[in-house]
Amino acid sequence: MSIRFPLKACLLIALGSTAFTAQAAEYEWTFQTSETSGEPQFEMKKAWADNVEKMSNGRIAIEILPVGAVVQANQTLQAVRSGILQGHLTDPSYFTGQDPAFGMMGNLVGAWSDPYDFLDYMNNAGGEALYNKLVEPYGLHLIGAAATGLESLPSSKPIRSIADMKGLKLRAPEGMVYNIFEKAGATPVNLPGSEVYTGLEKGVIDAADYTVFATNQAQGLHDFAPYPLYPGFHSLPMVAVSINNDIWKSLPADLQAMLTTSVDALAYEMVAELKTRDLEAVRQARQNPDIEIIDLSLEERAKFRDIARQEWAEWAGRNDITREYYDSVVAYLKAHNLLPAESDNQAKDASS
């Protein structure tokens, strides 16, 4: 039995549907990320933009673009300031050349053994306020911080101790990460992330500070680097979800609060999702006899952290905000029993 609607009712439904779909957002923004299209983190960031549209009842529409779509990864700071982009979701380490504090805050190598500790520091112990103190003079505002999770270290040669890093051609971005691996004995090579696969394939590099285990596995890095170090112990990059500061200040309070809440949700969802992906990828990798996952001992991890702390202390002396950040993080780590006391004198010597 067919059901017929009066013609007038049909027209009203059609007009109402058209009006809803044609309704323009009050705010339309473009944000660029530091991932290529299709990477898990890129898809998570697109899902965040969809969530913002829903939470705002269509008032905000955000287009998420992959790395390099508008400007290079290290140019988004200026692009957001000038209005070419309205925001970005990226690792602040790309802007180390602007201020060393970006390198420290973007990835304080060796500091965090759990991404939830990092998020707690940023949300509840002054980390986000310090980052805004740094970035607002550049015309940006940090909506909130997220994190990728601890990165693994794919290597074509087994690394069972810090001594095994000596002479290792290791891809690392410039800045603190580069310096710490150099002090650990490696020979860092500054390659963009897009060249990690071919670099390992052709032997240009032996290992790579790149991203999380699951992404390395999915991209086939373990075909050429079958000795991944996992769980991670070195890099935990921050994801700064930032917007043009003039736009931020012009937003009504309800939208500011909504955006802050949305980024908090993204941060914890990203950590949980990437950890789940890592565990599944590790399970699959262990079934492959050609891959040996190496879990560096606690003693060797402590050696790496001591090297890293020397570099933290050196960077702390570069300007006022690097000192303020160093003091803030070290105080947090000590208060939460996350920093061995025996390294204190060494760090003080390095910073004096």
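I'd like to verify a number: residues in segment 299-314 that are under 22 Å from the mean Cα position of the chain (by Cα) and more than 14 Å from Leu338 (Cβ to Cβ), how many?
2
Go through (1) under 25 Å from Val329 (Cβ atoms); (2) hydrophobic (A, V, I, L, M, F, W, C); (3) open to solvent by 50 Å² or more (accessible area, probe 1.4 Å) one by one and return the number of the condition Phe304 breaks.
(3)
Pick from segment 25-64 the residues that are part of a loop (DSSP other than H, G, I, E, B) and of a type in the set (Ser, Thr, Tyr): which of them is surrounded by the fewest Cβ atoms within 10 Å (Cβ to Cβ)?
Applying the filter and picking the extreme gives Ser37.
Kindly provide the set of residues from segment 318-328 that are surrounded by fewer than 16 Cβ atoms within 10 Å (Cβ to Cβ) and among the polar types (S, T, N, Q), ordered by number.
The answer is Asn319, and nothing else.
So the check is Cβ under 9 Å with 6+ separation or different chains; which pairs have a first residue in segment 329-352 that's farther than 19 Å from Asp117 by Cβ and open to solvent by less than 40 Å² (accessible area, probe 1.4 Å) and a second one that's at pLDDT 95 or above and assigned to a loop (DSSP other than H, G, I, E, B)?
That search, which allows pairs on different chains as well, returns Ala350/Gly317; Ser351/Gly317.
Assuming Arg323 fulfils every condition listed in (1) within 26 Å of Pro92 (Cβ to Cβ); (2) in contact (Cβ under 8 Å) with a residue 12 or more places away in the chain apart from one, which condition is it?
(2)
Yes/no matrix, rows are residues, columns are (1) in contact (Cβ under 8 Å) with a residue 24 or more places away in the chain; (2) over 16 Å from Ser113 (Cβ atoms):
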| position | (1), (2) |
| --- | --- |
| Thr260 | yes, yes |
| Tyr268 | yes, yes |
| Glu280 | yes, yes |
| Arg283 | no, yes |
| Pro289 | no, yes |
| Glu292 | yes, yes |
| Lys303 | yes, no |
| Asp306 | yes, no |
| Trp315 | yes, yes |
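Assess whether Ile243 counts as being closer than 29 Å to Arg286 by Cβ, surrounded by 15 or more Cβ atoms within 10 Å (Cβ to Cβ) and in contact with a strand residue (DSSP E or B) (Cβ under 8 Å, 6 or more places away or on another chain).
So Ile243 does not fit the description; no.
Determine which member of the set Leu255, Leu274, Leu266, Leu298 is open to solvent by less than 90 Å² (accessible area, probe 1.4 Å) and modelled with pLDDT under 95.
Sole residue among the options that is open to solvent by less than 90 Å² (accessible area, probe 1.4 Å) and modelled with pLDDT under 95: Leu274.
I'd like to know if segment 61-72 contains one or more residues that are within 17 Å of Pro237 (Cα to Cα) and modelled with pLDDT under 95.
Checking segment 61-72: at least one residue is within 17 Å of Pro237 (Cα to Cα) and modelled with pLDDT under 95.
Go through segment 100-111 and report how many residues are in contact with a Lys or Arg (Cβ under 9 Å, 6 or more places away or on another chain) and either over 17 Å from Leu338 (Cβ atoms) or outside any loop (DSSP other than H, G, I, E, B) (or both).
Qualifying residue count for the region: 3.
The values are calculated or read from the model by the stated rules, or taken from the named source; none is laboratory data. Values in this document were obtained by computation on a predicted structure and should not be read as measured data. In this analysis, Cβ positions are derived from the backbone assuming ideal geometry, glycine residues included, and neighbour counts consider all displayed protein chains. Each accessible area value is taken on the protein alone, full model and side chains, heavy atoms only, with ligands, DNA and RNA left out. Shrake-Rupley method; radii C 1.70, N 1.55, O 1.52, S 1.80 Å.
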